[in-house]
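Peer 1: The following block contains the structure, expressed as structure tokens.
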Amino acid sequence: MKAAGESDAAAAPDAKDAASVQPPAGGEQPKHTVPSNLPPKYNVDLIGQRDIGTGLDFYSLDREVVLGKQLSQEVEASARLVTDPVIDEYVNRIGQNLVRHSDARVPFTIKVLDNQEVNAFALPGGFFYVDSGLILAADNEAELAGVMAHEIAHVAARHATKNMTRAQIWNIAAVPLIFIGGPVAYAISEVAGLAVPLGFLKFSRDAEREADLLGLEYDYATGYDPQAFVQFFEKLNVEKKKQNMIAKAFATHPMNVERIEAAQDEIRKYLPDRPEYVVDTSEFENIKARLWSFENGRRLGGAKGDAAGRPVLLKRTATASDSGASSSSDGSSSPNNDDPGRPTLKRNPSSSSDFQ
């Protein structure tokens, strides 16, 4: 019996769809019919109950978190964080929702970096960074969520610590940081100014494929259209031809045609169709507009970001000490003979301010 005031109206559009279109209960997504003979890894109904991330690994979960925290301190010591509370809350909410629908066994700390690169990376132990450039490059919320889900999958599968374990077995783990793969290692090496050979920055092909699969599952379980992830990486492949920051960021883990086709095949085989998905929200558009306004106002990066290398007009304020002096290129006053090689502003001899 239902309590008074309860209604079936919210349960489904109509009675015949009640089995397949249930509203989320307590934030959980509805279960969908999947083949009963699927291995757990491919069964989205078993997310969180599977042995994802198991296998040979010298790092306990506690040790992994300690390692991730140390690396996050290196990142944040040299990077600029976006501190706008509205943007931070929005990105953190999307990420934490994906984490709740994942196999991850560590808590996540999610922050936004003021960085034009189209990238996101998750360190061991769940320290997760989303570049502002990724938010601006995404066409909708589902694309942003798809990339974030892929990086969460790397942490859930413990790819970084497994790489480091193999490196230690092979007795070549001189600098643990260089064995973190993909855009994670690229981002850290760029931020920390480390000279890291690109050959050490790659996850294996199998690890990337596993992160593709798991990320699609987490994306789907959270309610997003998993095709958005594929569409975004197809867009990256087109942009890579321009050799811009997108190509640079993802050079160590390209989403090639084979991976795109495999992802599409996995969506078709293992993710039952839904009557509807989350693709975009007005909130995403508002957040994106907010970021653009910061970019336009040079509030995110200043000269360190998008103003770097651009010509800047500096205005000089005349003072009584201008007599016998010229303006330097940075707007300061200096004698004409201090640096004869620099351009100077010649004052009009008829100006009364040049005479006592």
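Peer 1: Please find the FRET efficiency linking R105 to L46, where r is the Cβ-Cβ separation and R0 is fixed at 22 Å, and quote it to the nearest 0.05.
Peer 2: 0.90
Peer 1: Still on this structure: Which value in nm describes the separation of the simple spin-label points at R93 and V257, placed 7 Å from the Cα toward the beta carbon?
Peer 2: Computed distance between label sites R93 and V257 equals 4.2 nm.
Peer 1: Once amide H atoms are built 1.01 Å from N in the peptide plane, which residues 5 or more positions from L81, or in another chain, come under 5 Å H to H?
Peer 2: D114
Peer 1: Please give the FRET efficiency for I169 paired with R80, using the beta carbon to beta carbon distance and R0 = 35 Å, rounded to the nearest 0.05.
Peer 2: The formula returns an efficiency of 0.40 here.
Peer 1: Then there is this: Rank-order 104-113, 132-141 by packing density, defined as the average count of other C-beta atoms within 10 Å over each peptide's residues, highest first.
Peer 2: 132-141, 104-113
Peer 1: Now for a separate question. Ranked highest first by average number of other Cβ atoms within 10 Å, how do 203-211, 262-270 line up? Display every interim value, and only then the final one.
Peer 2: Numbers: 203-211: 17.9, 262-270: 15.6.
Result, highest mean first: 203-211, 262-270.
Peer 1: Amide H of T281 versus every other amide H placed in the peptide plane: which residues, excluding those fewer than 5 positions away on the same chain, fall under 5 Å?
Peer 2: For T281, the qualifying residues are E141.
Peer 1: List every residue whose amide H lies under 5 Å from the amide H of D131, counting only residues 5 or more places away in sequence or on a different chain, with H placed 1.01 Å from N in the peptide plane.
Peer 2: Counting only residues 5 or more places away or on other chains, the set is L113, N119, A120, F121.
Peer 1: Can you order the peptides 154-161, 287-294 by their average number of other Cβ atoms within 10 Å per residue, highest first?
Peer 2: Averaged packing, sorted descending, gives the order 154-161, 287-294.
Peer 1: Could you sort out which of K69/K111; K41/K69; K41/K235 sit more than 21 Å apart by Cα distance in this structure?
Peer 2: Flagged as over cut-off: K41/K69; K41/K235.
Peer 1: Through the Karplus equation 6.51 cos²θ - 1.76 cosθ + 1.60, θ set to phi - 60°, convert the phi angles of the stretch 75-84 into ³J(HN,Hα) values in whole Hz; use x for Gly and Pro.
Peer 2: Values per residue, Gly and Pro as x: 4, 6, 6, 10, 10, 9, 8, 7, 10, 5 Hz.
Peer 1: So what J values fall out for the stretch 42-48 if you push phi through Karplus, 6.51 cos²θ - 1.76 cosθ + 1.60 with θ = phi - 60°, rounded to Hz, Gly and Pro as x?
Peer 2: Whole-Hz 3J(HN,Hα) from phi for the stretch 42-48: 9, 9, 5, 5, 9, 4, x.
Throughout, read-outs are computed from the coordinates displayed, never taken from laboratory work. The shown structure was predicted, so the numbers you read here are calculated from the model rather than taken from an experiment. Every residue, glycine among them, receives a Cβ derived from its backbone with ideal geometry; neighbour counts consider all protein chains shown.
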